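Enquirer: Provided herewith is a single structure, encoded as structure tokens, for subsequent inquiry.
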Amino acid sequence: AVRRGGLLSIGAREVGAGAPAFLLASAGLGHGGSADTALRMIEAAFKMGADGIVFTLFRSQSLVVRRHPERRRLEALELGDREGRKVLEAARASGLPVVVEALDAESLALAVEAGADRFLTKPFDSQELLQKVAAAIKLSGDDGVSLAPSAEWRAGIVSVGVEATSSR
């Protein structure tokens with residue numbers, strides 16, 4: 001959770017204004033679906049002095065229909081439950097805080113079970129994003145924040161613009 005002053009905890013570190021830079025190694029899908037490659041990426045991130053590592057997890061069947069032309073390519077990038085758990089647990093054992101970008105509910109559940117420190121979920125709900133950004137800005141001391149459907153907020157060097165859209 002974001003605390004007063006806009007600080008956020010990732011593992012044992014605080015991130016935000018006034019805190020030292022937090023170097024997050026982005027493994028993403030660079031492992032190509034190989035748990036062994038992902039484990040080597042964790043080792044490399046640790047050796048390079050990264051403060052944390054981020055992995056992207058998903059289930060192909062949750063993202064595209066079976067006959068989608070890209071389905072096989074997605075499946076090749078996917079870490080199964082056993083491999084995903086092995087990788088996330090190894091990352092935690094290395095001492096690196098783990099951030100997971102979960103693209104579906106099953107992947108989020110796996111990340112939670114494996115003890116990931118933080119989660120990014122996609123797709124995200126724009127109203128939820130507005131509420132979280134407004135809460136973070138209010139905690140930083142700016143009381144002039146509203147939850148307008150179309151707005152831009154600035155906090156230091158960060159600006160977030162969100163525009164409400166409808167599919168109707």
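The values are calculated or read from the model by the stated rules, or taken from the named source; none is laboratory data. Predicted model, so just to flag it, every value in this text is computed and none were measured. Methodologically, a virtual Cβ is constructed for each residue, glycine included, from the backbone with ideal geometry; neighbour enumeration extends over all protein chains shown. To get the accessible areas, we keep the full protein, side chains included, count just its heavy atoms, and leave off ligands, DNA and RNA. Shrake-Rupley method; radii C 1.70, N 1.55, O 1.52, S 1.80 Å.
Enquirer: Going by the conditions given, is Ala76 closer than 27 Å to Phe22 by Cα, open to solvent by 40 Å² or more (accessible area, probe 1.4 Å), among the small types (Gly, Ala, Ser) and at pLDDT 90 or above? Please lay out each step first, then the result.
Expert: Values: closer than 27 Å to Phe22 by Cα: no; open to solvent by 40 Å² or more (accessible area, probe 1.4 Å): yes; among the small types (Gly, Ala, Ser): yes; at pLDDT 90 or above: yes.
Taking the combined requirement at face value, the residue does not satisfy it.
Enquirer: If you don't mind, another one. Residue by residue through segment 27-62, note down the ones that are assigned to a loop (DSSP other than H, G, I, E, B), under 18 Å from Val99 (Cβ atoms) and open to solvent by 20 Å² or more (accessible area, probe 1.4 Å).
Expert: Correct list: Leu29, Gly30, Met48, Gly49, Asp51.
Enquirer: Only residues that are open to solvent by less than 40 Å² (accessible area, probe 1.4 Å) and in a loop (DSSP other than H, G, I, E, B): list them for segment 63-73, please. Working first, answer last.
Expert: Filtering segment 63-73 down to residues open to solvent by less than 40 Å² (accessible area, probe 1.4 Å) leaves 64, 71.
Passing the criteria: only Val64.
Enquirer: Let me ask you something else. Go through the residues of segment 11-28 one by one and say whether even a single one is among the small types (Gly, Ala, Ser) and in contact with a helix residue (DSSP H, G or I) (Cβ under 8 Å, 6 or more places away or on another chain). Lay out the reasoning, then the answer.
Expert: As a first pass, look at segment 11-28 and keep what is among the small types (Gly, Ala, Ser): 11-12, 16-19, 21, 25-28.
Subsequent filtering for residues that are in contact with a helix residue (DSSP H, G or I) (Cβ under 8 Å, 6 or more places away or on another chain) retains 25, 27.
Taking every residue of segment 11-28 in turn, at least one turns out to be among the small types (Gly, Ala, Ser) and in contact with a helix residue (DSSP H, G or I) (Cβ under 8 Å, 6 or more places away or on another chain).
Enquirer: Let me ask something else. Among residues belonging to segment 82-108 that are assigned to a helix (DSSP H, G or I) and over 24 Å from Gly49 (Cα atoms), point out the one that is most open to solvent (accessible area, probe 1.4 Å).
Expert: Of all residues in segment 82-108, those assigned to a helix (DSSP H, G or I) come to 82-93, 105-108.
Next, from what is left, pick out any that are over 24 Å from Gly49 (Cα atoms): 82-83, 105-108.
Numbers: Arg82: 181, Glu83: 62, Ala105: 81, Glu106: 99, Ser107: 0, Leu108: 53 Å².
Among those that are assigned to a helix (DSSP H, G or I) and over 24 Å from Gly49 (Cα atoms), it is Arg82.
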